[in-house]
Amino acid sequence: MKAALPIVLSALLAMAADAQTRTYEHPKVNEYTADNCLYFGKVCGKPAADAFCDRKGYREATHFRTAPARPTMVLGEDKVCDEDYCIGLVDVVCVGTSTSGDFRRIDKEFPLEPDTDRHGSDYHDFALKDARPELCRRACLLDSNCKSFTYTKPGTTGRGDTPWCYLKDSDPRPTRDDCCVSGVKK
């Protein structure tokens, strides 16, 4: 019996490792092929594959392939690309357990700053479907270039009733303004 214990333990560890790895052939999001870019034509390759894996509950992508595809879902903006230049993910190997699924940890390590604007250092901005600053924080979390963000509430800036997300490559000084919610990665 003692001799069989190491074999059983090895088998259980191998099964646990397999459970934390999954290959997705023709990965889909909302019935669309996942796009190769996190934003339209920007932050392409591994960040987009990582974002796909995150949505499926995995930590990151260890391998992915791309090919022309139409239409695709641009994951950082949740928008459809339906043009001849769209590139989709053909397959993705996802591993580990997602780190963004632990919302209490995220709130502690990447807290929202209500009524705060961090003006400047924008490298990418886009409209959000829903008026939720957590979506902007999530986009920043998934983008390795992002150091901080500012979310603008609908009807508070020149964007009309559309909520807007600004990703920043530094952490500009905060100013008090009820138009916005910001956050800085720690």
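Readers should treat all values here as calculations from the given coordinates under stated rules, not as data from a laboratory. As the structure is a computational prediction, the values presented were derived from the model and not from experiment. Note that we place each Cβ from the backbone using ideal geometry, even for glycine, and neighbour counts take in every protein chain shown.
Things worth noting here:
- Close amide-amide hydrogen proximity is noted between residue 87 and 36, 69, each under 5 Å apart and 5 or more residues distant or on a separate chain (H modeled in the peptide plane; Pro and chain starts excluded).
- Once both labels are positioned 7 Å from their Cα atoms along Cα-to-Cβ, the gap between residue 161 and residue 97 label points is 4.2 nm.
- Packing-based exposure ordering (other Cβ within 10 Å, fewest first) of 124, 119, 63: 63, 119, 124
- Stretchable slack from residue 186 to residue 82, in nm (0.36 nm times residue separation minus alpha-carbon distance): 33.8 nm
- Global dimensions of the stretch 28-186 from alpha-carbon coordinates: Rg and Dmax equal 15.7, 45 Å.
- Long-range amide H partners of residue 58 with built H, under 5 Å: 98
- Footprinting exposure proxy for 152, 62 (fewest neighbouring C-beta atoms within 10 Å first): 62, 152
- The coefficient of translational diffusion for the stretch 21-95, derived via Stokes-Einstein from the alpha carbon Kirkwood radius under 10 °C and 1.306 mPa s, stands at 138 µm²/s.
- Whole-Å semi-axes of the ellipsoid equivalent to the stretch 111-160 (Cα gyration tensor, √5λ, descending): 17, 12, 12
- Cα-projected label distance for residue 26 with residue 55, points at 7 Å along beta-carbon direction, nm: 1.7 nm
- Too-long pairs where the Cα-Cα distance tops 26 Å, listed order kept, from 79/108; 108/168; 28/153; 56/129; 42/108; 42/185: 79/108; 28/153; 42/108
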